[in-house]
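Here's the structure we're looking at; comments come further down.
The values are calculated or read from the model by the stated rules, or taken from the named source; none is laboratory data. Remember, predicted model here, so these are calculated numbers, not experimental data. Note that each Cβ is placed from the backbone with ideal geometry, even for glycine, and that neighbours are counted across all protein chains shown.
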Amino acid sequence: MPLAAQTPAADFVLLNGKIVTVDPLFDIAQAVAVRGDRIVAVGTTAQIRAMAGSGARVIDLQGRTVIPGLIDNHGHYARAAQTWLREARLDGILSRSDALEKLRARARTVKPGDWVLVIGGWSEGQFADDPRGFTREELDRLVPDHPVYLQVNYSHAYVNSAALAAAGLDEHTEDPRGGKIEHDANGRLTGRLDGAGAYVPVFRQIPPPPPEQAIAGATALLGDLSRVGITALGDVGGYNFSPDFYKPFDALRRENELTVRVYNTVWGDVHSPDEVTAWLPQIPGIRAFHGDDLRDTVGYGETMYVPLHEGPVDSGAPPPAADLAQFRRVASAVAEAGLYAHIHAHYHPRISAFLDVIESINKDVRALRPYRWTIVHAEGVTGEDLERMRRIGMMISINNWPTVGYEDQHAALGERIYASPPLKLIRESGLLWGIGTDATVVAPINPFFGLYWLVTGKSLSGHLATRDTVSREEALIAWTRSNAHFFFRENELGSIEPGKLADFVVLDKDYMTVPADAIRDIKPAMTIVGGKIVYMAR
Ligand SMILES: [Zn+2]
């Protein structure tokens, strides 16, 4: 029976392309047919053309490559939406002079006195022409009429005189706890603030966005995500988080204007045993999977107990027993509630201590296999940890922080980074693994930087950041089909197969055949979510 006779007429067809389906056989097709928000057929151009109903939208791909919509399983986007409209993002800007120009241009578009912000997503090392940070004098000259705040990861920030004045910092201010205010040889402030203790007082001076900007901020952020090919994201809350940050996304969903699928885990902002006690009764009320394919809550995380939240270049020391006891209280409640958990941990001592607790929960509270508990980051996971995780049916989410964090990571960990995260071990373990950006403070939003890093092992600046690389196919599977599992939507998302939601990205270059170094620079020509074109390059 011909294909067309089995399926209803399509209202949208894409023909004459190279469709990288990422189905279980990694088949390549020529064309795809969509009806409503679903894929109805994948095949040859002749087969699919025959299925187009009258009035169907027809796109001639002219040989271009189509991949499934890219899925970011771990980012801090709802928080980012609060500042997005006020940021001059430096994501992927590889020249320091271009970065300066971006800051200058940004200042021209905001009222004098308003802040010029870059809250992460970049590092000095990405500037191929001049890998340096910025000085207070330089920023004063460039942007004299605005406070400037440029944060790198959660590590340090560069500010100008107006920002220092806003926070009341001067030459005489003593170094705060957990921070260092840098002085030059003459005792003048350089504008560099090291550590959260030093930069948070300035960060706190940034006013919240006016309420009428909340939707616009979310819309602008989602627009930028469509531009880089993200069609679904997992939001994991973050420091300084409020559940209200999801309201703009919920409002967009109600208006049927959500252009990226937004799934979240619930951030429990608990810092002390008393806060845990107050928080525990809320956990059974978390309603996971009560939304729809565009907007849903999928579980809990990424933090069980904030004092256990280690940084990516921390010492990797074993966690204090008292803190682990709080981890156990929260994690047990999450298990009792039957929730998925997405658990932040970087290195073996913490991962294995968490696994001690998780194994006992798996035995005493509830068998965790159906809930797919996940360790996220996992740079220092060992073969033994992976085996323990495999027995409980856990998953692993790595992230592409080394694309911009390579220099810090190399300075802290030396040669060890070249086998980090241990992808060969992870692949051999048989665990399902996926990847998230960890945008927008730690890393840029662009998943092609992450694909490039997985395939070449290189940071954005082109330095070798890891020797533990994977094939293009494996990298793409991680960013699509595997990542769908983190939202329990592997039957809906992640590959171009009949029955799945019609999320695709049409690329300007062929991901499968461009030189590996060029993967970094691939740009979507068109992004489609649920059969709707949400982005088209001009
Ligand atoms: Zn994290």
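Things worth noting here:
- Residues that are closer than 26 Å to Gly195 by Cα and under 24 Å from the mean Cα position of the chain (by Cα), drawn from region 328-358: Ile343, His344, Ala345, His346, Tyr347, His348, Arg350, Ile351
- Phe504 vs. criteria closer than 25 Å to Gly92 by Cα, in contact with a strand residue (DSSP E or B) (Cβ under 9 Å, 6 or more places away or on another chain), aromatic (Phe, Trp, Tyr) and surrounded by 23 or more Cβ atoms within 10 Å (Cβ to Cβ): yes
- If you go through region 105-130 and keep only what is exposed (fewer than 14 other Cβ atoms within 10 Å of the Cβ) and not acidic (Asp, Glu), you end up with Ala105, Arg108, Thr109, Lys111, Pro112, Gly113, Ala128.
- All positions within region 61-88 that are surrounded by 22 or more Cβ atoms within 10 Å (Cβ to Cβ) and without any contact (Cβ under 8 Å) to a residue 60 or more places away in the chain: Glu87
- Filtered residues of region 285-313 (kept if part of a helix (DSSP H, G or I) and within 14 Å of the ligand (Cβ to nearest atom)): Val306, Leu308
- Hits in region 1-25 - residues which are part of a loop (DSSP other than H, G, I, E, B) and modelled with pLDDT of 95 or more: Asn16, Gly17, Thr21, Val22, Asp23, Pro24, Leu25
- Residue that is farthest from Asp27 (Cα to Cα), among those in region 497-515 that are of a type in the set (A, V, I, L, M, F, W, C) and more than 22 Å from the chain's Cα centre (by Cα): Val514
- Selection within region 108-146 - touching a residue at least 12 places away in the same chain (Cβ under 8 Å), farther than 16 Å from Asn160 by Cβ and either of a type in the set (Val, Ile, Thr) or outside any loop (DSSP other than H, G, I, E, B) (or both): Glu124, Gly125, Gln126
- Residues that are hydroxyl-bearing (Ser, Thr, Tyr), within 27 Å of Leu117 (Cβ to Cβ) and either away from the ligand (no atom under 15 Å from the Cβ) or crowded, with 20+ Cβ neighbours inside 10 Å (or both) occur in region 426-438; there is at least one.
- Residue check for Arg89: touching a helix residue (DSSP H, G or I) at 6+ places or on another chain (Cβ under 9 Å), away from the ligand (no atom under 16 Å from the Cβ) and of a type in the set (Lys, Arg): yes
- Residue in region 63-86 that is farthest from the ligand (Cβ to nearest atom), counting only those that are in contact with a Pro (Cβ under 9 Å, 6 or more places away or on another chain), at pLDDT 95 or above and over 9 Å from Ala218 (Cα atoms): Leu70
Matching residues to (1) at negative phi; (2) modelled with pLDDT under 95; (3) under 14 Å from the mean Cα position of the chain (by Cα):
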position	(1), (2), (3)
Glu415	yes, yes, no
Ser429	yes, no, no
Ile435	yes, no, yes
Val442	yes, yes, yes
Leu451	yes, no, yes
Leu460	yes, yes, no
Ile477	yes, no, no
